[in-house]
Amino acid sequence: MDVLVLIGRILFVPLFLSSAVGHLTQTKQMGQYAAAKGVPAAEPATAGSGVLMLAGGLSVLLGVWADLGALLLAVFLVPTAVLMHAFWKEEDPQSKQMEMIQFNKDISLAGAALMLFALISYVGDDLGLTITGPLFDVS
């Protein structure tokens, strides 16, 4: 099981790490897009979301308090789905469809992150192939 969870962790994080790089290196441009979507304090929110994705992604990947990392990713994903992909506000059918896909992707990934949080927190130090054990104990 340890190897399967490690492979799952490796496959789960590339999206977050590559997005974090974009958020942190193109903060102004991405902040302008977020502002157009109605995100308050868009530029600082963009930088903050980049930090959440980077910290959460590296934590899950390296197995350093991976439960906390998974929780950070969920904390990023749910507000992002609601604020950035509000398909219910779109009038153009194609835009509505694209935003719905992105909304569903973010909500699905949030669910996966919460399951990963629960798994790591529940199994504890028995998981193996991590640098540290979990920060939380939900057993």
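The values are calculated or read from the model by the stated rules, or taken from the named source; none is laboratory data. What you see is a predicted model; the values in this text were computed from it and never measured. All Cβ positions, even for glycine, are placed from backbone atoms using ideal geometry, and neighbour counts span all protein chains on display.
Annotations for the structure displayed:
- Residues located in region 57-80, provided they are among the β-branched types (Val, Ile, Thr) and either within 12 Å of the chain's Cα centre (by Cα) or on the phi > 0 side of the Ramachandran plot (or both): 60, 75, 78, 80
- Of all residues in region 16-51, those satisfying the criterion of being over 22 Å from residue 82 (Cβ atoms) and either under 17 Å from the mean Cα position of the chain (by Cα) or at pLDDT below 95 (or both) are 17, 18, 21, 24.
- Filter result for the condition that a residue is closer than 30 Å to residue 127 by Cα, out of contact with any helix residue (DSSP H, G or I) (no Cβ under 9 Å at 6 or more places or on another chain), touching a residue at least 60 places away in the same chain (Cβ under 8 Å) and part of a helix (DSSP H, G or I), over 6, 11: 6
- Subset of region 75-93 [of a type in the set (A, V, I, L, M, F, W, C) and surrounded by fewer than 20 Cβ atoms within 10 Å (Cβ to Cβ)]: 75, 78, 82, 83, 84, 86, 87, 88
- Odd one out for residue 90, checked against (1) free of Cβ contacts under 8 Å to residues at least 12 places away in the same chain; (2) under 17 Å from residue 113 (Cα atoms); (3) in contact with a Lys or Arg (Cβ under 7 Å, 6 or more places away or on another chain): (2)
- Boolean, residue 38 is assigned to a loop (DSSP other than H, G, I, E, B) and surrounded by fewer than 15 Cβ atoms within 10 Å (Cβ to Cβ): yes
- For the residues 45, 113, the requirement of being within 18 Å of residue 15 (Cβ to Cβ), touching a helix residue (DSSP H, G or I) at 6+ places or on another chain (Cβ under 9 Å) and not aromatic (Phe, Trp, Tyr) singles out 113.
- Checked against (1) part of a helix (DSSP H, G or I); (2) buried (at least 16 other Cβ atoms within 10 Å of the Cβ); (3) over 12 Å from the mean Cα position of the chain (by Cα), residue 54 passes all but a single condition, namely (3).
- Qualifying residues in region 115-133 (those that are of a type outside the set (A, V, I, L, M) and within 18 Å of the chain's Cα centre (by Cα)) - the one surrounded by the fewest Cβ atoms within 10 Å (Cβ to Cβ): 121
- Picking from residues in region 22-32 that are part of a helix (DSSP H, G or I) and out of contact with any helix residue (DSSP H, G or I) (no Cβ under 8 Å at 6 or more places or on another chain), the one that is nearest to residue 120 (Cα to Cα) is 25.
- Residue tally, condition touching a Pro at 6+ places or on another chain (Cβ under 9 Å) and part of a loop (DSSP other than H, G, I, E, B), over region 119-134: 1
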